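Step one of this worksheet: look at the structure below.
The values are calculated or read from the model by the stated rules, or taken from the named source; none is laboratory data. Quick caveat, the model's predicted, so the values are computed rather than measured. As a convention, Cβ positions derive from the backbone with ideal geometry for all residues, glycine included, and neighbour counts pool all protein chains shown. Side chains are part of the model used for accessible areas, which takes the heavy atoms of the whole protein and leaves out ligands, DNA and RNA. Shrake-Rupley method; radii C 1.70, N 1.55, O 1.52, S 1.80 Å.
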Amino acid sequence: LSGMLRIMFGTSVSDSHCGMRSFTREAFKKMDLKTPGMEFASEMVVKALYHKLKIAEVPITYHPRKGDSKLRGLKDAWRHLRFMLMFSPNYLFLLPGSILFVTGFTSMLILIRGPVLLFNHGFDLHVFTLASLFTILGFQIIISGFYAKIFAFTQKINSHSRLLKLLLKYFNLERGILIGCLLVLIGTIINVSILIFWVNQGFGALEALRPEIFASTIIIIGFQLIFSSFLFSIMGIMSHND
């Protein structure tokens, strides 16, 4: 858990769960600690990092405990892990969401023209459909990551995110709506072209699953972006008012 905290939050604290802590009254007020359980130890380190407080580690000696331990192995470990994930949208949302989106969308672009033979195995419509799912799911997870970042910013949990500052600087409601509408328009044009082709063929058999799935994916992402832009704008206004 200490290793995960070092990776997620870029700290050099070697033991983030030692119960021996000392802090000033001013530092305690800045940290504004909230958690009710064992994750309190992790929260103190994370909040100290976010508020750029000076942290020092001093060796101490542990002595045999008197009385029964209140530690509940897996349950308390999960509380720490849950807290770290909730305070680290990059690892909880943006990283897995980006992997899913890039993998899915790239696969769709590769398979849009037809089946692909790779490692003596054919990849066709089933993989194409799965790639569409990855793309939509990945995009939704990424959007959720930005929701989490804006919420953390408005609650003064983390106001030092460079990515969030870039988002608030360059992204606004109008741009989000415009990009979303362009995606919906592209998907609609593809669907209309499929319809025209079908009419010209005399409403016969239609082999257009690939462009149809691709168009549907683009339209879904477009609408996600449009409505997410409204929520981003609302939360962004809240953060500026604060």
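One residue stands out in region 91-114 among those that are part of a helix (DSSP H, G or I) and open to solvent by 70 Å² or more (accessible area, probe 1.4 Å): the one that is farthest from A208 (Cα to Cα), namely Y91. The number of residues in region 66-110 that are farther than 30 Å from V127 by Cα and among the hydrophobic types (A, V, I, L, M, F, W, C) comes to 10.
For the subset of region 187-227 comprising residues that are among the polar types (S, T, N, Q) and modelled with pLDDT of 90 or more, which member is farthest from F101 (Cα to Cα)? Applying the filter and picking the extreme gives S193.
The criterion of at least 1 residues that are charged (D, E, K, R) and farther than 19 Å from A152 by Cα is met, among helices (runs of 4 or more DSSP H) falling completely within region 1-84, by 2-9, 25-31. For the structure I just gave you, tell me whether F197 is assigned to a loop (DSSP other than H, G, I, E, B) and free of Cβ contacts under 8 Å to residues at least 12 places away in the same chain. It is false that F197 is assigned to a loop (DSSP other than H, G, I, E, B) and free of Cβ contacts under 8 Å to residues at least 12 places away in the same chain. Checked against (1) touching a residue at least 40 places away in the same chain (Cβ under 8 Å); (2) under 30 Å from T135 (Cα atoms); (3) open to solvent by 70 Å² or more (accessible area, probe 1.4 Å); (4) not hydroxyl-bearing (S, T, Y), F87 meets all criteria but (3). Pull up region 8-24, narrow it to residues that are open to solvent by 40 Å² or more (accessible area, probe 1.4 Å) and without any contact (Cβ under 8 Å) to a residue 40 or more places away in the chain, then point me to the one that is farthest from T61 (Cα to Cα). Of everything passing the filter in region 8-24, G10 is farthest from T61 (Cα to Cα). A Cβ distance below 7 Å, combined with a sequence gap of six or more or placement on separate chains, defines the contacts here; from region 163-185, residues that are under 18 Å from Y147 (Cβ atoms) and hydrophobic (A, V, I, L, M, F, W, C) reach residues that are open to solvent by 90 Å² or more (accessible area, probe 1.4 Å) and at pLDDT below 90 in the pairs L173/F230. All conditions in (1) closer than 30 Å to R113 by Cβ; (2) part of a helix (DSSP H, G or I); (3) touching a helix residue (DSSP H, G or I) at 6+ places or on another chain (Cβ under 8 Å) hold for L206, with the sole exception of (2).
Scanning region 135-158 for residues that are open to solvent by 50 Å² or more (accessible area, probe 1.4 Å) and more than 14 Å from the chain's Cα centre (by Cα), we see that the one that is modelled with the highest pLDDT is F153. If you go through region 31-46 and keep only what is charged (D, E, K, R), over 19 Å from W78 (Cα atoms) and crowded, with 17+ Cβ neighbours inside 10 Å, you end up with nothing.
Of the residues making up region 123-130, at least one is open to solvent by 40 Å² or more (accessible area, probe 1.4 Å), over 30 Å from G37 (Cβ atoms) and touching a residue at least 60 places away in the same chain (Cβ under 8 Å).
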